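A.B. asks: Okay, handing you the structure first.
The values are calculated or read from the model by the stated rules, or taken from the named source; none is laboratory data. Here the structure is a predicted model, which is why all the values come from computation and not from measurement. For neighbour counting, all protein chains shown are included, and Cβ atoms are generated from backbone atoms with ideal geometry for every residue, glycine included.
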Amino acid sequence: MTTLAAFDKLPTLNTATILLVGTNTVFQQQLAETILKEKQDLKVNIHLTTFLPLPAERDHIRPRIDLIVFIIDIQNKHSFKEIEASLIHIDANFFLGKVCFLATGVGRMNQISVDTNAVLKLADRYCSPVLFCELECEKIRIATAQRLFRMLQICSGHVPGVSALSFSSLMKNSIDDSSFMA
């Protein structure tokens with residue numbers, strides 16, 4: 001079991017790979033299916049796992065991973081702890097715009113086990129954007145899938161003139177700015 005490195009493999013033509021990491025496999029599967037339903041001009045590979053590290057590669061089967069999405073169910077403290085433990089198995093270069101945190105369960109504030117500020121601090125510590133959503137709602141899941149697909153296109157280099165780092169910085173700045181407007 002090794003550290004997952006961002007630039008250890010060459011990109012594949014017209015292909016992008018996303019890794020969804022989270023303890024709620026139902027949400028992962030639903031989100032993956034929704035992403036695959038998006039109109040695509042490239043082949044999308046989606047890998048699901050509940051935690052990192054990933055098992056060791058055999059004969060270099062695993063493709064290059066362009067975007068990692070850490071799904072935190074804020075109604076489950078175990079989910080947050082698993083994501084925190086998984087982060088140490090990621091090469092620092094992934095945090096140059098190729099990681100996103102997705103906090104789910106925000107629609108039921110009375111059932112929250114993980115403070116949203118803890119999620120924001122985690123994302124800030126790793127210089128990565130965080131999206132808050134409710135994956136149980138189909139419309140929100142579709143909007144989230146569209147947003148993640150666009151991020152995947154950027155992270156895999158399929159959007160000319162936009163780098164993953166600049167896009168991540170823009171997302172982070174817009175989140176920071178919105179907190180001052182409240």
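A.B. asks: Out of region 9-39, which residues are without any contact (Cβ under 8 Å) to a residue 24 or more places away in the chain and touching a strand residue (DSSP E or B) at 6+ places or on another chain (Cβ under 8 Å)?
C.D. replies: 29, 32, 36
A.B. asks: OK, next. Within region 95-105, can one find any residue that is more than 15 Å from the chain's Cα centre (by Cα) and exposed (fewer than 15 other Cβ atoms within 10 Å of the Cβ)? Talk me through it step by step, then tell me what you get.
C.D. replies: Taking region 95-105 as the starting set, the residues that turn out to be more than 15 Å from the chain's Cα centre (by Cα) are 105.
Checking the rest, the ones that are also exposed (fewer than 15 other Cβ atoms within 10 Å of the Cβ) come to none.
No, every residue in region 95-105 fails to be more than 15 Å from the chain's Cα centre (by Cα) and exposed (fewer than 15 other Cβ atoms within 10 Å of the Cβ).
A.B. asks: So, residue 95, is that one within 15 Å of residue 123 (Cβ to Cβ), out of contact with any strand residue (DSSP E or B) (no Cβ under 6 Å at 6 or more places or on another chain) and modelled with pLDDT under 95 or not?
C.D. replies: Numbers: within 15 Å of residue 123 (Cβ to Cβ): yes; out of contact with any strand residue (DSSP E or B) (no Cβ under 6 Å at 6 or more places or on another chain): yes; modelled with pLDDT under 95: yes.
So residue 95 fits the description; yes.
A.B. asks: Okay, moving on. Could you grab me the full set of residues in region 122-135 that are acidic (Asp, Glu) and either part of a helix (DSSP H, G or I) or within 12 Å of the chain's Cα centre (by Cα) (or both)? Please lay out each step first, then the result.
C.D. replies: Filtering region 122-135 for residues acidic (Asp, Glu) gives 124, 134.
Selection gives 124 alone.
A.B. asks: In this structure, is residue 7 under 16 Å from residue 133 (Cβ atoms) and at pLDDT below 95? First the steps, then the outcome.
C.D. replies: Values: under 16 Å from residue 133 (Cβ atoms): no; at pLDDT below 95: yes.
Judged against the criteria, residue 7 is not a match.
Quick grid of which residues meet (1) more than 25 Å from residue 156 (Cα to Cα); (2) in contact with a helix residue (DSSP H, G or I) (Cβ under 8 Å, 6 or more places away or on another chain); (3) of a type in the set (Asp, Glu):
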{"position": "34", "(1), (2), (3)": "no, yes, no"}
{"position": "38", "(1), (2), (3)": "no, yes, yes"}
{"position": "52", "(1), (2), (3)": "no, yes, no"}
{"position": "71", "(1), (2), (3)": "no, yes, no"}
{"position": "80", "(1), (2), (3)": "yes, yes, no"}
{"position": "109", "(1), (2), (3)": "yes, no, no"}
{"position": "114", "(1), (2), (3)": "yes, yes, no"}
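A.B. asks: Give the residues of region 140-173 that are part of a loop (DSSP other than H, G, I, E, B) and either under 21 Å from residue 106 (Cβ atoms) or small (Gly, Ala, Ser) (or both), sorted by residue number. Step through it out loud before you land on a result.
C.D. replies: First pass over region 140-173, keeping only residues part of a loop (DSSP other than H, G, I, E, B): 156-163.
Within region 140-173, 156, 157, 161, 163 qualify.
A.B. asks: Is there a residue being at pLDDT below 90 and more than 13 Å from the chain's Cα centre (by Cα) anywhere in region 65-80?
C.D. replies: The first filter runs over region 65-80 and keeps only residues at pLDDT below 90, leaving none.
Checked against the condition, which is being at pLDDT below 90 and more than 13 Å from the chain's Cα centre (by Cα), region 65-80 yields no hits at all.
A.B. asks: Let me ask something additional. Being under 15 Å from residue 73 (Cβ atoms) and hydroxyl-bearing (Ser, Thr, Tyr) is the filter; apply it to region 113-170 and report the residue that is surrounded by the most Cβ atoms within 10 Å (Cβ to Cβ).
C.D. replies: So in region 113-170, the residues under 15 Å from residue 73 (Cβ atoms) come out as 113-116, 118-119, 122, 130-137, 140-141, 144.
From the residues that got through so far, the ones that are hydroxyl-bearing (Ser, Thr, Tyr) too are 113, 116, 144.
Numbers: 113: 13, 116: 15, 144: 22.
The qualifying residue surrounded by the most Cβ atoms within 10 Å (Cβ to Cβ) is 144.
A.B. asks: One residue is enough: does region 107-115 have a residue meeting the conditions in contact (Cβ under 8 Å) with a residue 60 or more places away in the chain and either under 21 Å from residue 46 (Cβ atoms) or not aromatic (Phe, Trp, Tyr) (or both)? Can you show your working first?
C.D. replies: Just the residues of region 107-115 that are in contact (Cβ under 8 Å) with a residue 60 or more places away in the chain, to begin with: none.
Scanning region 107-115, I find no residue that is in contact (Cβ under 8 Å) with a residue 60 or more places away in the chain and either under 21 Å from residue 46 (Cβ atoms) or not aromatic (Phe, Trp, Tyr) (or both), so the answer is no.
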